[in-house]
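Please read the structure below before turning to the comments.
Since every read-out is calculated from the coordinates, none of them should be taken as a lab result. These figures come from a predicted structure and were not determined experimentally. With ideal geometry, Cβ positions are generated from the backbone for all residues, glycine too; neighbour counts draw on all protein chains shown.
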Amino acid sequence: MQAICFAEYKIAEASRADYLAYTRQLLQEQKKVHLYEGTDQINLFVEIWYADNEAEAEQIKKERCSERSPWYRVSDWIIGGADKMHVWSFKPALPNNG
């Protein structure tokens, strides 16, 4: 049953170009993640990481929050730093929707 890891944060306007250039490179290397920007809130971004199961989603969450992850550098551009990055994992609510 598939699961996801979800990260949400707001990037400082002055850092937008650097953030987008950096994440563009990361996305070329990592195929299990998709990046979205809020349509109502400019510079509000979410990452959706796809996992094969709940355990893998939890592992992605742990790695995503680790300072050794290349994605951790994104924290430099988050308003309020890493403390303002919210990361959760989700599993299907019903067995037939996963």
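Miscellaneous remarks
- Separation between Cα centres of the stretch 45-64 and the stretch 14-36, rounded to whole Å: 16 Å
- Residue order, fewest to most beta carbons within 10 Å, for 46, 33: 46, 33
- In this Cβ point-charge picture (+1 for Lys and Arg, -1 for Asp and Glu), the chain has a dipole of about 100 debye about its Cα centre.
- Likely footprinting exposure, 1, 85, fewest C-beta neighbours within 10 Å first: 1, 85
- Among 17, 57, 82, the largest mean-square fluctuation in a Gaussian network model of the chain (Cα springs under 10 Å) belongs to 17.
- Fully extended contour minus Cα-Cα distance, from residue 29 to residue 82, at 0.36 nm per residue: 16.8 nm
- Answer label for Rg and Dmax of the Cα atoms in Å (calculated), chosen among (1) 13.6, 44; (2) 32.4, 108; (3) 18.9, 58: (1)
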